[in-house]
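What follows is a short report on a single structure.
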Amino acid sequence: MSTYILRRLLLMIPTLFGITLVVFVVMAASPGGISAQTLIEGQGLEPEARKALEDYYNRLYGLDDPAPLQFLRWLNNVSPVGFEFDAEGGVAGFGLKGSDLGTSFRYGRPVTDLLAERIPITLLLNALTVPLIYVIAIAVGVRAATQRGKSFDVGSSVTLLTLWSIPTMLAGVLMIGFFASDQHWHWFPTAGLNRRAALDMPFLPHWESLGDVLLLFVLAVLGTTAFLLAAVRLPARYRALLMLVVGVAAGIGMAQAHTESPWALYLLLPLLLGATAAAVGYMQYAGMRVVAMGSVGLLIGIALAIRLGSGGFVPGFLLDRLWHLVLPVVCLAYGSFAFLAKLTRTAVLENLLADYARTARAKGVPESQVLWRHVFRNSLLPLITVFASLLPGLLAGSVIVEQIFSIDGMGKLAVEAVKTRDRELVLSITLISGLLTLLGYLIADLLYAVADPRVSYD
Amino acid sequence: MTMLLDVKNLRTWLRSGDGVVKAVDDVSFSIAPGETYCLVGESGSGKSVTALSIIQLLPQDIASHPGGEIWFDYRHDSGERERINLLDREIQVRRRIRGGRIGMIFQEPMTSLNPVFTVGEQLIEALRVHYPQLPGAEARERAIDALAQVQIPDPASRIDDYPHQLSGGQRQRVMIAMAMACEPDLLIADEPTTALDVTVQREILRLMRELQQRRGTSILFITHDFGVVSEMADRVGVMRHGKLVEEGAVDDMLRAPAHPYTRELLAALPENLRRERRGVVVPFAAAGASAPSPLLEIQDLKVHFPVRKGLFRRVVDHVRAVDGVSLDVNPGQIVALVGESGCGKTTLGRAVLRLEEPTGGSVRFDGQTVTGLSRQELKPFRRAMQIIFQDPVSSLNPRLNIATTLIEPMKVHGIGDSMDERIARAEEILQRVQLEPASLWRYPHEFSGGQRQRIGIARALVLDPRFVVCDEVTSALDVSVQAEILQILLKLRDEHGLSMLFISHDIGVVEYLSDVTAVMTEGRIVEMGPTSQVCGRPAHPYTRKLLAAVPRLRDRLAS
Amino acid sequence: MTDVAHMRSRSFSARIAREVLGAWGARIGLGWILLLAAVAVFAPFLASSHPLLLSEAGQIRSPVLAHLTTGDVMMLAAFFGVVLLWRVRTPLYRKGLILLGLVLLAGLAAGAWLKPPQIVIYEQYREAQRAGAYDWVLNTPIPYSPKDYLRDVGQSGLQGPLASDRHRHFMGTEENGADVLSRMIHASRIALGIGFVATGIAMVLGVIIGGLMGYFSGIADIIGMRLVEIFEAIPQLFLLLTFVAFFGRSLYIMMVIIGLTAWPGYARYVRAEYLKLRRQDYVQAAVASGIPLTSVLFRHILPNGVAPILVAASFGVASAIIAEAVLSFLGLGLVDDPSWGQMLSQAVKSSTFNWWMALFPGGAIFLTVLSYNLIGESMRDAIDPYLRKSGG
């Protein structure tokens, strides 16, 4: 196994080399290439000042060298093993040295610093999104497979396909337009990851009085338990009725919270929310229904507590950050459900009909155990494989989401770098994202080997 | 005596597409405690559906039972017995029955075990379903014991193996262990040995008989192989198109079958076909004294596949699929190549035609060396040497109609001067394999397995070859269809002098068809000679083992 | 043995086509795509500031026709060519060649004869009409060109639908004052064009490279897989951004670039199918019969392996359209030509939510992508059971 890992790591090197080479060729081959001219354009300088600036840039970044030399120099800087140069430019030695990703033209700061700031943010976005996607996709996909051809299957298939077809930009724009603007509901922040004030706040939420905390706790627990019990015990019709009332009330409340509150909303929203809530309450799919109704109960409990509380609640840095992340994460996640859910459905369907499932049934194993112990375990395998190819897609999605929500992550940095023709930054981002993707492939393959005993890497 | 299982007028309808298939149509039979009942039939006869109906494993949304009852003598935990109709919807004890009182084993040992769990985990699951209070250590002990009972060597360590680490025969033993773990009264076996080599089959059948004697289990054994029937059965039932056409004690059935269909089936068996062939004058003699020069000479042929391991994928070893084989085929001769799975016979057949590249040795056709020729030089030989494949499903291009499949090779080799001539020739060849000329304009999916095999033969014949490799051409066919195909092949040899290399694992077919038999194992030929000698008085111990393992009717009839 | 005489013989493609067209999803999808295609082809006649016909001092002329470009003519030729050839009974590839020939011919003829004026003043017709210079005027249904910024009207800028009572803008105006509906109609050309051409390029590249990899194996396979890995490891969007930012923004470059970044997916499919099919018995039989290599590749392997590629192509067109929209959205798209993505980016300008800029262009992108996805899904559902049945 360790030889396999070593081999994969070694194989990454030519691929990374290839990636950076391709990007470098694109930059060098473009009209204008990478030269000091493009950096100075548009600054309206006199010819002498311009020349001086050009010389300065050339010396600083080596932009007057021929392209292959620039690339080789960059390679040498990046790799941990390479040539060392002394002050005059003569070769001082060859050996292990740190890797230096260079300095960004636009920002004038070392690339490593910039990346160290931005990467965690992008990683945070994706780290929150991936588990969310998987959980929902599995929940929907497994159910669709067991209810093949019936209403849940058809309904979820149509819904997911529609969701998948909504371009991320449109969804982001709609979300900001409706939920984060002054014209409709301003429930979510428009931009960034934190409010300015939040940076001064303590990390955790903070209540003024102990009574408030107690109230919150008691009401939250009460609300959740009440609705959980209703989800499990009540017959379908009463469940639907209960949720209908909740939905209509929420709709009215939402219409009231609107900036202008046109009367049409008072009709439309309660109808929409009421119908969806009733459908959730009526659903046969116990798992989803219980979770949904439980969350509704929790929200009601918290809302009541906020109403009845004495105020003086400081959200704290953590909650503020989470609040800012809701819309971007939803935006990033919604499109990927469809693909994963479809994959899960296909895998589960195939495995439900497999010979070993038939053997398990012949042994007398109850169907639910056949599903979750045997079939599900085997259906995980394609899901693990697909994880590897999800990564580039998510990184791309981050670009759009970060742009729309003005989040300073790696994606946004990439767009700016490319727009300003910042050679060091572009190459470094390529390198890093390539590295992350290849590592993702490797992790997926290793996970697969763990999950499937038939696979051994020797 | 109360019958353990009493099937009365069972009807099972299956919904398929828009229509309904009457898979089981008014079938009645019964099984006594401790007896083995064999349900025989060709594919599509409904025997598997019957079995699945009994254990109620048919998918609910497709299967329905418009009529009939299945009475089962159910043994409660307390010991008292109760007759229950298994088709009754509301049975409390249904979960106890499946796995606890009726066990079932299936045909494909490769896929019937869950690949991600160890053998032990799956065995213990079987135990836990019916004995939920069983403590962990004891469950493991019982699992090891079960493995020992099915004669798996070193059960204490094999219990932690994964299914892919076991051989086909061992996997089937594990299946039997799982099915018998909770000591059921009835074991349903759906073609359990069809996918196994004949020597392994022998062991498994013997094991099943032993277990039955020890525990007094009844067995419902489903098969299409009368040889197996003669070894295992006490009573036999013959099914056709969903109906039970005849049933009775096995000796009566085999000696003097009453129903014409049963007689037809028995007559189609290769060992019975032979009796009819005696007395047919064969114009082209088998390996006799005046042997003409051989048509095909294989000398020391080797096909080795490299095995790469390590950091740099260096070749560490070779898989020796074919390891030095020498063989001659005379004109008009049928040479059979027999062996178990993995012995290399298929690789050899393909290497002769250069579909696999030999890594050593040579092949000479009509005096000229064929190995080492370029693609262009090989072309004229392609006319003379052809191949017919095993799998009727994948042997024909689903996108092309039969006419194109047959005519394209003709065009390439310049046979026939016009399209009409070629079509006429194609029609004539189709008639030779007993198909209608109108079949030319149809697509492969419209034909049955047997018909597709015939089209495969026609395709091989279209170029008027002198030598054909038949790669397990009848292994995927029903016995009656097999008989027809074999007779077609014989006719081709008798009337046109076609030489064949007939690859098979079925000794009965080989005995019927071939003049010379070569026995192959692990890439080498261990014995070769006239069929009557090799199969009648085998010299090599492997051949003897192989022949002894074949279940034969005549042994049963003789006793 | 009776053979199944009652089943009419149908080739594989005919069966698949029948099944796909039967699914309601595919029908909806095809319906929208056809509508869009018709709109794209006839765009100059649907939305233009140039009137269809006008009469000035007794003389009748058609400004629309006078301003047709070569591209317009080629699209019209393609459309009518498809309609004419639809029912003709010749093999598909021959029809394709005839169509190509027709379009090229039309393009050459148009290039030689048509001379649309370089500088266009859109306001002249409205001014002339206000001055009463025309006897009568027959306008296009939407009397605005995509680049007509309505400078003679005055206030130019983002305005909602039907905001102004004098000029009817059914979908409002965008930030430069141009009519949104008109721009949307013309943007459909770009969307569809990029979708097809980019996917076409990607497919051709992918099939060639994948085929080479699958056929030659060995060194070609190793190099090919490294190439595939390289192009797959860079997020497609990022590569696109780099290309477009450095190479400038022309329609053709964008088409080529989107195609260049999408080919690895097809290559993988082709290679996988090839490796699988190479082992199939009927391919071996063809080789054993001495059938030449090209025939084996194109008659036996390719038709059986093409199905998943077609499915991927349908989804591929959808993602090509999204790719172009994203680029435009990020400000890296075409500069002046109308584009759905670019219009979408105006929806949240100046911190007001201009809902009509989100709904209409966004809706158009959504419906188009949805249509291609529906078609792709239906094709995939139709092909799957056949794959299993035929063992291929």
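How far apart, in nm, are two points set 7 Å out from the Cα along the Cα-to-Cβ line at residue C:298 and at residue A:318?
A separation of 6.7 nm, rounded to one decimal place.
What accessible area, summed over both chains, is buried at the B-A interface (1.4 Å probe, Å², nearest 100)?
That pair of chains buries around 2400 Å² in total.
Say each of residue A:187 and residue A:210 gets a label point 7 Å from the Cα, pointing the same way as Cα to Cβ; how far apart are those two points in nm?
About 3.5 nm separates the two model spin labels.
Applying 1/(1 + (r/R0)^6) with R0 = 60 Å to the Cβ-Cβ distance of residue A:284 and residue A:7, what FRET efficiency is obtained, to the nearest 0.05?
According to the calculation, E is roughly 0.75.
List every DSSP H helix in chain A whose Cα atoms extend 18 Å or more along the helix's own long axis and whose mean Kyte-Doolittle hydropathy is at least 1.6.
A:2-29, A:210-233, A:263-282, A:286-308, A:423-451
What FRET efficiency do you get for residue A:162 and residue B:539 if R0 is 56 Å and r is their Cβ-Cβ distance, rounded to the nearest 0.05?
0.15
From the phi of every residue in the range B:119-136, what ³J(HN,Hα) in whole Hz does the Karplus formula 6.51 cos²θ - 1.76 cosθ + 1.60 yield, where θ is phi - 60° and glycine or proline is x?
4, x, 4, 6, 5, 5, 4, 4, 5, 5, 4, 9, 10, x, 8, 5, x, x
Counting alpha carbon pairs within less than 8 Å and at least 6 residues apart, what relative contact order, in whole percent, applies to chain C?
It comes to 19 percent, rounded to a whole number.
Considering protein heavy atoms only and a 1.4 Å probe radius, which residues within the range C:224-245 exhibit an accessible-area decrease of no less than 30 Å² in the full assembly relative to the chain by itself?
In the range C:224-245, residues shielded by partner chains: C:226, C:229, C:230, C:232, C:233, C:234, C:235, C:237, C:238, C:241, C:242, C:245.
State the percent of C-alpha pairs, over all pairs in the range C:146-232, separated by a distance greater than 17 angstrom.
For the range C:146-232, the share of Cα pairs beyond 17 Å comes to 64 percent.
Hey, could you grab the Kirkwood Rh for the range A:231-374? Inverse mean 1/r over distinct alpha carbon pairs, Å, one decimal.
It is 19.1 Å.
Residues of the range A:278-296 with backbone nitrogen within less than 19 Å of a virtual label 7 Å along the Cα-to-Cβ line of residue A:151, please, listed as ranges.
A:278-293
Run the simple label-point estimate for residue A:368 and residue B:252 please: 7 Å along Cα→C-beta, distance reported in nm.
Label-label distance for residue A:368 and residue B:252, simple model: 5.0 nm.
To the nearest 100 Å², how much accessible surface do chains B and C hide from each other in total, with a 1.4 Å probe?
Approximately 3000 Å² gets buried when B meets C.
What FRET efficiency comes out for residue C:118 versus residue A:408 if R0 is 60 angstrom and r is the Cβ-Cβ distance? Round to the nearest 0.05.
Plugging the Cβ-Cβ distance into 1/(1 + (r/R0)^6) gives 0.85.
Given q = 0.17, 0.20, 0.24, 0.26 Å⁻¹, what are the Debye log10 I(q)/I(0) values for the range B:367-449, with equal point scatterers placed on the Cα positions and solvent ignored?
Per q value, in the given order, log10 I(q)/I(0) is -0.83, -1.04, -1.25, -1.33.
With n ≥ 4 as the cut-off for DSSP H runs, can you work out [θ] at 222 nm for the protein assembly as shown, using -39500 (n - 2.57) per run divided by the number of residues, rounded to the nearest 500?
-18500 deg cm²/dmol
Magnitude of the Cβ-charge dipole of chain C, K/R +1 and D/E -1, about the Cα centre, nearest 20 debye?
1260
At a 1.4 Å probe radius, carbon and sulfur cover how many percent of the accessible area of the protein assembly as shown?
Percent of accessible area from carbon and sulfur atoms in the protein assembly as shown: 60.
Pop out the Kirkwood hydrodynamic radius of chain B from its pairwise C-alpha distances, inverse of mean 1/r, in Å to one decimal.
26.1
So what is the relative contact order for the range A:112-451, in percent, with contacts set as C-alpha pairs under 8 Å and at least six apart?
It rounds to 29 percent for the range A:112-451.
Classify chain C as rounded, prolate or oblate, taking a ≥ b ≥ c as the square roots of the eigenvalues of its Cα gyration tensor: rounded when a/c is under 1.5, otherwise prolate if a/b is larger than b/c and oblate if not.
Prolate shape, in that a/c is at least 1.5 and a/b is the bigger ratio.
Place a point 7 Å from Cα of residue C:226 in the direction of its Cβ. Which residues in the range A:1-17 have their backbone N less than 18 Å from it?
Backbone N within reach: A:7-17.
Could you sort the residues of the range B:111-125 by number and keep only those whose accessible area is reduced by 20 Å² or more in the all-protein-chain setting relative to the chain alone, 1.4 Å probe?
SASA drop of 20 Å² or more in the range B:111-125: B:111, B:112, B:114, B:115, B:116, B:117, B:125.
Rolling a 1.4 Å sphere over the protein heavy atoms, what is the accessible area per residue of the protein assembly as shown, to the nearest Å²?
Averaged over the residues of the protein assembly as shown, the accessible area is 45 Å².
Please report, in Å, the Rg and the Dmax of the range B:5-267, where both are computed over Cα atoms only.
For the range B:5-267, the Cα-based Rg and Dmax read 18.5, 57 Å.
Using the Cα centre of the range C:1-132 as the reference point, and only Cβ charges (+1 on K/R, -1 on D/E), how large is the resulting charge dipole? Debye, rounded to the nearest 20.
So the magnitude is around 600 debye.
Assign unit charges at the C-beta atoms only (+1 for Lys and Arg, -1 for Asp and Glu), then state the dipole size of the protein assembly as shown relative to its Cα centre in Debye, rounded to the nearest 20.
1580
Would you mind giving the total buried accessible surface between chains C and A, with a 1.4 Å probe and ligands, DNA and RNA left out, rounded to the nearest 100 Å²?
Chains C and A together bury approximately 4000 Å².
Checking the a/c ratio against 1.5 first, then a/b against b/c, what shape does the Cα gyration tensor give for the range A:195-278?
oblate
Quick one: give the max-minus-min coordinate of the C-alpha atoms of the protein assembly as shown along each principal axis, largest first, in Å.
That gives 112, 85, 84 Å along the principal axes, largest extent first.
Would you mind calculating the relative contact order of the range B:5-267 from Cα pairs under 8 angstrom and at least 6 residues apart, reporting the percent as a whole number?
27
Give the Cα extents of the range B:69-148 along the principal axes, in whole Å, largest first.
So the three principal-axis extents are 37, 31, 22 Å.
As a test of reading the structure, rank B:441, C:340 by solvent-accessible area (1.4 Å probe, protein chains only), most first.
B:441, C:340
Decide, for chain A, between rounded, prolate and oblate: order the square roots of the alpha carbon gyration tensor eigenvalues as a ≥ b ≥ c, take rounded if a/c falls under 1.5, and otherwise choose prolate if a/b is larger than b/c, else oblate.
oblate
Please compute the alpha carbon radius of gyration of the range B:480-559, then divide it by the globular-protein estimate 2.2 N^0.38 Å. Two decimals is fine.
That ratio works out to 1.19.
Towards the positive end of the charge dipole of chain B, with charges on Cβ (+1 Lys, Arg; -1 Asp, Glu), say which of B:165, B:199, B:212 has the farthest Cα.
In chain B, that residue is B:165.
May I ask for the longest run of chain A untouched by GluC sites (Glu not before Pro) that are loop-located per DSSP and have at most 10 neighbouring C-beta atoms (other than their own) within 10 Å?
Longest run free of exposed loop sites: A:261-458.
Out of C:311, C:245, C:106, whose Cα points farthest toward the positive end of the dipole of chain C (charges: +1 Lys, Arg; -1 Asp, Glu; placed on Cβ)?
C:311
Are there any residues in the range A:142-189 with a reduction of at least 50 Å² in accessible surface when going from the isolated chain to the assembly of protein chains? Probe 1.4 Å, please list them by number.
A:161, A:164, A:165, A:167, A:169, A:170, A:173, A:183
Averaged across orientations, what area in nm² does the convex hull of the alpha carbons in the range B:359-402 project?
4.9
The values are calculated or read from the model by the stated rules, or taken from the named source; none is laboratory data. Everything numeric here is computed off the predicted structure, so don't read it as measured data. Methodologically, a virtual Cβ is constructed for each residue, glycine included, from the backbone with ideal geometry; neighbour enumeration extends over all protein chains shown. Ligands, DNA and RNA are stripped out before the accessible areas are found, and what is left, the full protein with its side chains, is counted by its heavy atoms. Shrake-Rupley method; radii C 1.70, N 1.55, O 1.52, S 1.80 Å.
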